[in-house]
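Since the structure comes first, as structure tokens, the remarks are kept for the end.
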Amino acid sequence: MKTETRKDEIIKTATRLFKEKGYSAVTMRDLASAMGMKAASLYNHINSKQEILKEIIISLAEEFTEGLALIQKSNISSIKKIEEVVKLHVNITSQNTYGMASLNNDWMHLEEKLDYYLELRSNYEENLRQIVVEGVEQGEIIDENIEIMLFSILSTLRSLYLWIPKKDYLNPEKLSQQLSTVLVKGINKKID
């Protein structure tokens, strides 16, 4: 297990502050105060607030991208792939609710890494779209509007960071299964 460095502690604290106040409202002085240190001391560990934001967002975006790439390569059905995508989101989000707030709310504040982030996001959406398209083509998924299906799946998964912290006890495995049931099978009890 990796030992947490002072830089890791600073990023962790900043991530919480960004979620609570929003990236734009947090100053280096706020961060230093939350860390119990002088603002000038922060610069021994990090260069800027922008560096922290980049670290938070890019690391999460890359984690999602790598996870989806593994799912895509797997030799399982499209439905199972979507279930694995749900599990990927639940696992990452349950371990990083503060970071997910930055990923969803503060990405537009990225400076030199904004284009890279947007490329990761676009590719992620396109790769998930391909899983859905393959599922439709293979007769596993209903032949309805793919963009609506994609929107429904992604909007639910992207907002998990708001919902998960409100749960006293969370079993990520059980949540993944239940979300998959609703997202994949729907809520219609009546089968035509």
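The values are calculated or read from the model by the stated rules, or taken from the named source; none is laboratory data. Because the structure is a prediction, the values reported are computed rather than measured. Glycine gets a Cβ as well: all are built from the backbone with ideal geometry, and neighbour counts include every protein chain shown. What goes into the accessible areas is simple: the full protein's heavy atoms, side chains included, and nothing from ligands, DNA or RNA. Shrake-Rupley method; radii C 1.70, N 1.55, O 1.52, S 1.80 Å.
Tabulated results
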item	result
Test: residue in region 91-103 that is more than 21 Å from residue 167 (Cα to Cα), out of contact with any strand residue (DSSP E or B) (no Cβ under 7 Å at 6 or more places or on another chain) and open to solvent by 30 Å² or more (accessible area, probe 1.4 Å)	no
One residue from 41, 59 being at pLDDT below 95 and either within 24 Å of residue 135 (Cα to Cα) or not in a loop (DSSP other than H, G, I, E, B) (or both)	41
Flag for residue 75 being assigned to a loop (DSSP other than H, G, I, E, B), more than 22 Å from residue 16 (Cβ to Cβ) and modelled with pLDDT of 95 or more	yes
Filter result (among the small types (Gly, Ala, Ser) and within 15 Å of residue 80 (Cα to Cα)) within region 106-143	135, 139
Residue within region 14-26 that is over 16 Å from residue 102 (Cβ atoms) and over 15 Å from the mean Cα position of the chain (by Cα) present	no
Hits in region 133-172 - residues which are loosely packed, with under 13 Cβ neighbours inside 10 Å, farther than 20 Å from residue 123 by Cα and either acidic (Asp, Glu) or within 21 Å of the chain's Cα centre (by Cα) (or both)	137, 143, 144, 166, 167, 168, 169, 171
Condition check for residue 46: buried (at least 16 other Cβ atoms within 10 Å of the Cβ), at pLDDT below 95 and either more than 28 Å from residue 146 (Cβ to Cβ) or touching a helix residue (DSSP H, G or I) at 6+ places or on another chain (Cβ under 9 Å) (or both)	yes
Single unsatisfied condition, residue 66 versus (1) without any contact (Cβ under 8 Å) to a residue 24 or more places away in the chain; (2) assigned to a loop (DSSP other than H, G, I, E, B)	(2)
Qualifying residue in region 107-129 (condition: hydrophobic (A, V, I, L, M, F, W, C) and not in a helix (DSSP H, G or I))	yes
Residue selected from region 71-82 under the condition among the charged types (D, E, K, R) and open to solvent by 50 Å² or more (accessible area, probe 1.4 Å), by the criterion nearest to residue 162 (Cα to Cα)	80
So residue 102, is it at negative phi, of a type in the set (Gly, Ala, Ser) and touching a residue at least 60 places away in the same chain (Cβ under 8 Å)	yes
Boolean, residue 122 is of a type outside the set (Phe, Trp, Tyr) and at pLDDT 95 or above	yes
Selected residue [touching a Ser or Thr at 6+ places or on another chain (Cβ under 9 Å), under 23 Å from residue 155 (Cβ atoms) and open to solvent by less than 20 Å² (accessible area, probe 1.4 Å)] from 60, 68, 31	60
